[in-house]
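Engineer: Okay, handing you the structure first.
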Amino acid sequence: MLPVVWGTSRTMDLRARYQEIQDRSALAAESVGRDPASVCLIAVSKTVPIEAIQRLYDLGHRDFGESRLNEALPKIEALPDDIRWHFIGNLQSNKARKIGERFAVVHTLASEQSLRELAKCQAPVPTFVEVNIASEPQKAGIFPDTLDKLVENVIDCPQVQLLGLMTIGPANDEPEESRQWFRKLAELQAGRWESLSMGMSHDFEVAIQEGSTHIRVGTALFGERA
Ligand SMILES: *Cc1c(COP(=O)(O)O)cnc(C)c1O
């Protein structure tokens, strides 16, 4: 794995990795006849210090992902206003409203309680429903067979603007093993919404080939998290 990159002497590393991920992402899109511009790269900056986020911002990047509200708030305050912050962590219902108000996109709606809280936001919240695609016990996300029920209730909440489905597939060592789960998410999605949030550092290319529009990449950009 790549080492951590914070020191200023490592600026080139971040630049090179950013370029590499963009190149690989574009190649994956082209391999299935997709427009590379149809894939949004979310730089997952949880545990990453503000200076490193700023450095990627200075390279032109605007989409960043955070998992915890308390960690994200000081970053949102300190960094430029034109960043689109994506919430990708566990959406606790008691924080959902605040998260909906501070983030540009919420990727992890998975309960009726959180839906009711998001519905109280002042402005419409672009939202993904998180699906536990392999129905793994103790994992976040709703099971595929309860998706429709949650979606029916979203329709009654004009403040919750459904973009599509999100998943974190079962852990594996081999990116190809993710393909079946990404395909399954794309099938659940088919014809209903525009976007799919799937693919992380080790399997984003497979995800793009299976139709991902939002890849969430942390380690491959910023290095191993502490
Ligand atoms: C941490 C995290 C990522 C990024 O994972 P990497 O393997 O570091 O790319 C993506 N999505 C979610 C939901 C995460 O929590």
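Engineer: Using θ = phi - 60° and the Karplus relation 6.51 cos²θ - 1.76 cosθ + 1.60, list the HN-Hα couplings for segment 109-121 in order, rounded to whole Hz, with x at every Gly or Pro.
Structural biologist: 5, 8, 8, 5, 4, 5, 4, 4, 6, 4, 5, 8, 5
Engineer: Tell me which residues come under 5 Å, amide H to amide H, from M166 once H is placed; ignore anything under 5 positions away on its chain.
Structural biologist: For M166, the qualifying residues are V129, E130, V131, S197.
Engineer: Between A16 and Q180, what is the FRET efficiency for a Förster distance of 41 Å, r being their Cβ-Cβ separation, to the nearest 0.05?
Structural biologist: The computed FRET efficiency comes out at 0.80.
Engineer: Would you calculate the volume per residue, in Å³, of the smallest convex hull containing every Cα atom of segment 138-224?
Structural biologist: Residue-normalised Cα hull volume stands at 120 Å³.
Engineer: Something else now. Give the shape of segment 7-80 as rounded, prolate or oblate, defined through the alpha-carbon gyration tensor: a ≥ b ≥ c are the square roots of its eigenvalues, a/c under 1.5 means rounded, and otherwise the shape is prolate if a/b is larger than b/c and oblate if not.
Structural biologist: oblate
Engineer: What are the ³J(HN,Hα) couplings of segment 156-167, residue after residue, when phi is run through the Karplus curve with 6.51, -1.76, 1.60 and θ = phi - 60°? Round to Hz, x for glycine and proline.
Structural biologist: Karplus-based 3J(HN,Hα) across segment 156-167 equals 7, 10, x, 6, 9, 9, 6, 8, x, 10, 10, 8 Hz.
Engineer: Something else now. Principal axes first, then extents: for the Cα atoms of segment 38-135, list largest minus smallest coordinate on each axis, whole Å, largest first.
Structural biologist: 39, 31, 25
Engineer: Enumerate lysine pairs in the chain that are 8 or more residues apart or on different chains, then count those whose Cα atoms are under 26 Å apart.
Structural biologist: 17
Engineer: Follow-up question, since we're still on this one. Could you give the spread of the C-alpha atoms of segment 77-134 along their three principal axes, from largest to smallest, in whole angstroms?
Structural biologist: 37, 26, 17
Engineer: Which one, A123, V160, S111, is farthest towards the positive end of the dipole of segment 98-217 when Lys and Arg carry +1 and Asp and Glu -1 on their Cβ?
Structural biologist: The one lying farthest along the dipole's positive direction is A123.
Engineer: Calculate I(q)/I(0) for the chain by the Debye formula, one identical point scatterer on each C-alpha and no solvent, and give its log10 at q = 0.12, 0.16 Å⁻¹ to two decimals.
Structural biologist: -0.63, -1.13
Engineer: Whenever you get a sec, compute what percent of the accessible area on the chain sits on carbon and sulfur atoms (1.4 Å probe).
Structural biologist: Whole-percent figure for carbon plus sulfur exposure: 50.
Engineer: Over the chain, average the accessible area per residue using a 1.4 Å probe and give it in Å², no decimals.
Structural biologist: On a per-residue basis, 47 Å².
Engineer: Give me the percent of Cα-Cα pairs in segment 159-205 that sit more than 17 Å apart, rounded to a whole number.
Structural biologist: 35 percent
Engineer: Which value, in debye to the nearest 20, gives the size of the charge dipole of the chain about its Cα centre, when Lys and Arg are +1 and Asp and Glu are -1 at the Cβ?
Structural biologist: Charge dipole, the chain, about its Cα centre: 600 debye, nearest 20.
Engineer: Between H202 and I50, 0.36 nm times their residue separation minus their Cα-Cα distance comes to what?
Structural biologist: 52.3 nm
Engineer: Which value in deg cm²/dmol, rounded to the nearest 500, describes the helix-derived mean residue ellipticity at 222 nm for the chain, given -39,500 (n - 2.57) per DSSP H run of n ≥ 4 and division by the residue count?
Structural biologist: -11000 deg cm²/dmol
The values are calculated or read from the model by the stated rules, or taken from the named source; none is laboratory data. All values derive from a computational prediction rather than experimental measurement. Note: ideal-geometry Cβ built from the backbone for every residue, glycine included; neighbour counts use all protein chains shown. Note: accessible area is taken over every heavy atom of the protein model, side chains too, but ligands, DNA and RNA are not part of it. Shrake-Rupley method; radii C 1.70, N 1.55, O 1.52, S 1.80 Å.
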